[in-house]
Amino acid sequence: MQTLSSAAGSKNTDTGVSVFRSLDWFTVGLYLLLVVGGAISIYAASYDFDNASMFDMSEFSGKQFMWIGISLLVGLSLLLIDSRLYEAYAYPIYGVVLLLLVITIFIAPDIKGSRSWLVFGPISLQPAEFGKFATALALAKLFDSYNFNLNGKKSDYMRALIIIFLPVMLILMQKETGSALVYFSLFFVLYREGMSGLVLCAVLGAITYFVVAVKYTEPLLLGIPAGEFAVFLIISLVFLGMLAFYCRDFIIARNVILGFLASGAIVGTLAAFGIIVNGKVFFLSLLGAGCSYVAIVMFRYKIQKFVITIATVVLSVGFLFSVNYVFGHVLQPHQQMRIKVALGIVEDLRGVGYNVNQSKIAIGSGGLTGKGFLNGTQTKLKYVPEQHTDFIFCTIGEEEGFAGSVTVLTLFVALILRIIHLAERQRNAFGRVYAYCVASFLIFHVCINIGMVMGLCPVIGIPLPFFSYGGSALLGFTILLFILLRIDAARNERI
Amino acid sequence: MRKDYKLERRKFVIGGFVVLIAAIFVARLFALQVGEGKYKEHADSNAFLRRTVYPARGLIYDRKGRLLVYNRPAYDVMLVPRDVKEFDTLAFCKVVRLSIEEFRERWAAMKDVRKNPGYSDYTPQKLLSQISEEEYGRLQEKLFEFPGLFVQKRTLREYTYPNAGNVLGNIRDVSAADLENDRYYRPGDYTGDLGVEKSHEKHLRGVKGVEILMKDANGRVQGKFEDGRHDKAPVSGRNLTLSLDMELQAYGEQLMQGKIGAIVAIEPETGEVLALVSSPGYDPSLLIGKQRGAHYAELVQDPYKPLYDRALQAGYPPGSTFKPTQGLIFLQEGVITPSTMYPCYHGYINGLRVGCHGHGSPIALKPALQTSCNAYFCWGFKNMIDKRGTKVTNQFDKWKDYMVQMGYGYKLGIDLPHEGRGFIPNSAFYDKARKGKWSGNSIISVSIGQGEVLATPLQIANLCATVANRGWFRTPHIVKEVEDTVLDASFIEKRRPAIDRKHYETIAEGMRMAVLGGTCRGAALPGIEVCGKTGTAQNPHGKDHSAFIGFAPYHNPKIAVCVYVENAGFGATYGVPIGSLIMEKYLTGDISPARKGLEERMMNANTIISSGVKKH
């Protein structure tokens, strides 16, 4: 340890010069555009009829500019540190941040039901925002460790999941559900590093089942809700599809298909004579019979590849049955409401739906080119609560219109794709995994935030990176990005 | 660690996912911002409060510059139902001194589409009309406690004189029909009702302005949109100067106290109406403010119909005031010359009998006017209509055309609403009524202003003005001047009946003689040459109507007047004295001491008892 730090110290002057030569200025440029655009939007979002200056320290925009200054200083300092130190101190940093998160649970004051803010005089910080870079460092370090193989040992998998879910649990204990959900985006990293694609498919499938089952509840056929009917149909089709895919000679799949068609015909005929078979029973027996048949064939001919097929069906049906329970009993009423609003089941314009509706009005009224800077009536007259923080995107939508919104969106897409590009040019797993972590966090934040502002996904209170007002978030994302830039700048320093 | 190229391909899955989501977002943005227009409307209805700024209604002056009608501020409590948040109803009721029941009633009435056809959740609605200045003051202080409510300043009318209600009119809330017919109006606006307020509504009302205010999410007004660049200032209504002489009008109303009837005084030279008395009248200030509805109902139910403007609307048998018109037609048609004489042995006896009074016989036109000889005009009428070698219908329609040219039978076109047209029959009328069997002789009573003919006091006064002008008149009008506007050409052009001036001169002489030594002796004024003609009209309602027309001075007349008093007996009894007093008052500004007794007698006389109408 002694030699390492002294070696780093002696090299500092060299890296200090070379880091700017090999720095990815493209990313820095995108970063600067985003933060300055953000601060200007914050000025517009908090602008009212007493025209204070954009840099007035009593204004949100003034404070944000101060935070930009601080962030730039911090970012600069991070660039001047030897990149090897990040790798070396990854676990200690992770440990310190976890400790901070634990402390926060106990000493943070209750602000709107959450205990996530540490108050130091005039400054409040949200430690959860610093959990991201620490987790990313720890995960990168883990993947870079000798002989680590995600698909080789179950313990390696477990270690990765533990690193991800420790901060999730702590943040959940602070009652910051939104910030905790962000960590689920790290599945992108696991996927990139070898996790089976089936897991992603399963997640997508689960989301689809959930949406369809929750949204369409009016009874359709055979006495079951349309959504459930659709999900059963999808499960049956997936089952058949997987059989057909895995079965070269097609006989098994053909038998099952014929069986399904015959059963469907019988139920249809019965229905024609006025005998209605309960749909749930029908589908369950159908899938049950199908799976049993496949299992028998599997055991007889010792074909293992149908395990996944049967597991898929069983898990799918199990998931479907638990959806209603989870939705009705596990989720908080306000969370249920937010999901219902996002799915368009209810409007609730005076309650949960108010924000989203006003936000949609703000964006929608912007038109092609917007109403002009500081001319947004929805913005100026405060129709969208939390507009300078989580709903900042509707300021762009209203005042800069479709053109401005697409520009901002393009900046984010460019940044994320650039980071993926940076990730792939790293020479070791540490750099690559860290970069993918950064990309994943950004993907999640941007998708959920902009999606929520446009009414595409439920309201989850997470900021738009670099844009939303808030020192902690800006500082957190800046640290996240600048450590990446530092690691990337050093990619040629050592082999 | 070696690079795993198989896994590296997964960057395309992740990158592809990002691009896919971005594409969905762009599509959504496009749908929201470019595709649908409704969000723009939503945003505008959120942010903008278009508040109407009402212009001051035009003032009304009389011909001598006396202010008759002016404005008084009134305050209506308005609200946009959608913007109203829950508030303390009890506190509100306390501020505006309303019981909670009254408040609920008002609220329900406002929301009731039948009572309030313009109701909408999104536009300003009137909750309370015309609260007092004091209530307004208190409410203004506490307005922030009642989000969504605001006070609309309006103007009410205030009258300096309790007279001329029929001429001035008043203002009322717009009706559903008004809203439909004129896009200027919005629910809760006021519009002129009756009198010049109605006929000159478009001049008086001005142009509404609009103030575009911005309101925030809490409904608080946050200032003007773009510093008022899109606001429109209201344009005040135009002031009116009436031709009415308010003093004369008031005097006329005083003379008509206790009588049913009308006085119309016209300045012959200009056609300007100097006085337009309908009796009984009403105080126009009864019809303003919160009590308007109750007072209006009372006036409607009054058996003497004060809202009925007899001067303009009533079709009376003109009686002997009709004789000058007949003389004119006969002279023009060559039926008679000024020296033609007809016999009169106490009347016209030719198969039927029209009675007359004692005077010499035979008699010429001027003495016939002087003594109001019935027989003379009956003979003239018979000789014209039943002329040998002509058809009755042709002759009668010719007669009718003269009458119409003189302003009878149709509306004259005065700038007041509800003018009546009287009635002048044509040949078709008699063909139908008498089944084709009629002659001048059989409808002879028309010639003395009885029978089927009816005329409004305004038409009769106009005839008098035409004689005063010796052959022409200008359409009578009540508004002398509209601020910054040129008077309508129809009030400036001279209208000439196709009758020679010299014939009018003859008639004027006859009317002068009537005052000098005939039926109108009572109209003689010291130092003023007055001309006149009495009328005593039989009618089916009881005692004869007493009528008089007169103008003065004989040369260069300044005033022509018609007085019509229902069921008051001979023309000389009431018509003549009242008419002469009007002329004297207008011409000299006062009543000579010798005639003070007459004045007092007239003011105190009550003929209403003989009208047969009972007040319940």
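Remarks
- Meets criteria (farther than 26 Å from B:Pro73 by Cβ, among the hydroxyl-bearing types (Ser, Thr, Tyr) and surrounded by fewer than 24 Cβ atoms within 10 Å (Cβ to Cβ)) for B:Tyr316: no
- Of the candidates B:Glu509, B:Glu529, B:Glu493, B:Glu481, the single residue that is within 20 Å of B:Glu247 (Cα to Cα), of a type in the set (Asp, Glu), open to solvent by 40 Å² or more (accessible area, probe 1.4 Å) and in the same structural domain as B:Asn604 (by TED's automatic domain parsing) is B:Glu481.
- The helices (runs of 4 or more DSSP H) found wholly in the range B:1-96 and carrying at least 3 residues that are within 10 Å of chain A (Cβ to nearest Cβ) occupy B:5-8, B:10-30, B:38-47.
- Criterion applied to A:Val330, A:Val317 was being open to solvent by less than 40 Å² (accessible area, probe 1.4 Å) and either at positive phi or more than 14 Å from chain B (Cβ to nearest Cβ) (or both), and the one residue passing it is A:Val317.
- The residues listed here are A:Gly264, A:Gly290; of these, the one that is within 42 Å of the chain's Cα centre (by Cα), open to solvent by less than 40 Å² (accessible area, probe 1.4 Å) and farther than 26 Å from A:Val307 by Cβ is A:Gly264.
- Here the condition is being within 11 Å of chain B (Cβ to nearest Cβ), in a helix (DSSP H, G or I) and closer than 30 Å to A:Met57 by Cα; of A:Leu475, A:Leu442, it holds for A:Leu442 alone.
- Flag if A:Ile296 is closer than 27 Å to A:Tyr216 by Cβ, open to solvent by 60 Å² or more (accessible area, probe 1.4 Å) and part of a helix (DSSP H, G or I): no
- Residue list for the range B:224-235, restricted to those being within 11 Å of chain A (Cβ to nearest Cβ), within 26 Å of B:Thr155 (Cβ to Cβ) and either in a helix (DSSP H, G or I) or hydrophobic (A, V, I, L, M, F, W, C) (or both): B:Phe225
- Residue among A:Lys360, A:Lys380, A:Lys371 that is open to solvent by 10 Å² or more (accessible area, probe 1.4 Å), in contact with a His (Cβ under 9 Å, 6 or more places away or on another chain) and on the phi < 0 side of the Ramachandran plot: A:Lys360
- All positions within the range A:447-461 that are in a helix (DSSP H, G or I) and either at the interface with chain B (Cβ under 8 Å from one of its Cβ atoms) or open to solvent by 10 Å² or more (accessible area, probe 1.4 Å) (or both): A:Cys447, A:Ile448, A:Ile450, A:Gly451
- The listed residue being within 20 Å of the chain's Cα centre (by Cα), in the same structural domain as A:Phe187 (by TED's automatic domain parsing) and without any contact (Cβ under 8 Å) to a residue 24 or more places away in the chain, out of A:Cys447, A:Cys457, A:Cys437: A:Cys447
- Within the range A:386-409, the set of residues being open to solvent by 20 Å² or more (accessible area, probe 1.4 Å), in a helix (DSSP H, G or I) and more than 8 Å from chain B (Cβ to nearest Cβ) comprises A:Glu400, A:Ala403, A:Thr407.
- Where a residue in the range B:64-77 is surrounded by fewer than 20 Cβ atoms within 10 Å (Cβ to Cβ) and its partner, wherever it lies, is not in a strand (DSSP E or B), with Cβ under 6 Å and at least six apart: B:Arg66/B:Met246; B:Leu67/B:Thr160; B:Tyr70/B:Leu59; B:Asn71/B:Ala56; B:Asn71/B:Arg57
- Residue within the range A:236-259 that is under 27 Å from A:Val341 (Cα atoms) and in contact (Cβ under 8 Å) with a residue 40 or more places away in the chain present: no
- Qualifying residue in the range B:199-216 (condition: on the phi > 0 side of the Ramachandran plot, out of contact with any helix residue (DSSP H, G or I) (no Cβ under 6 Å at 6 or more places or on another chain) and not in a strand (DSSP E or B)): yes
- Considering only residues in the range B:344-367 that are in contact with a strand residue (DSSP E or B) (Cβ under 8 Å, 6 or more places away or on another chain) and not in a strand (DSSP E or B), the one that is least open to solvent (accessible area, probe 1.4 Å) turns out to be B:Cys344.
- Test for B:Gly589: is it free of Cβ contacts under 8 Å to residues at least 24 places away in the same chain and of a type outside the set (S, T, N, Q): yes
- Residues in the range B:201-223 that are charged (D, E, K, R) and at the interface with chain A (Cβ under 10 Å from one of its Cβ atoms): 3 in all.
- Of the helices (runs of 4 or more DSSP H) contained entirely in the range A:324-385, not one carries at least 3 residues that are at pLDDT below 80.
- All positions within the range A:148-172 that are among the polar types (S, T, N, Q) and at pLDDT below 85: A:Asn149, A:Asn151
The values are calculated or read from the model by the stated rules, or taken from the named source; none is laboratory data. Only a predicted model underlies this, so the values are computations on that prediction, with no experimental measurement involved. For neighbour counting, all protein chains shown are included, and Cβ atoms are generated from backbone atoms with ideal geometry for every residue, glycine included. Heads up: the accessible areas ignore ligands, DNA and RNA and are worked out on the full protein's heavy atoms, side chains in. Shrake-Rupley method; radii C 1.70, N 1.55, O 1.52, S 1.80 Å.
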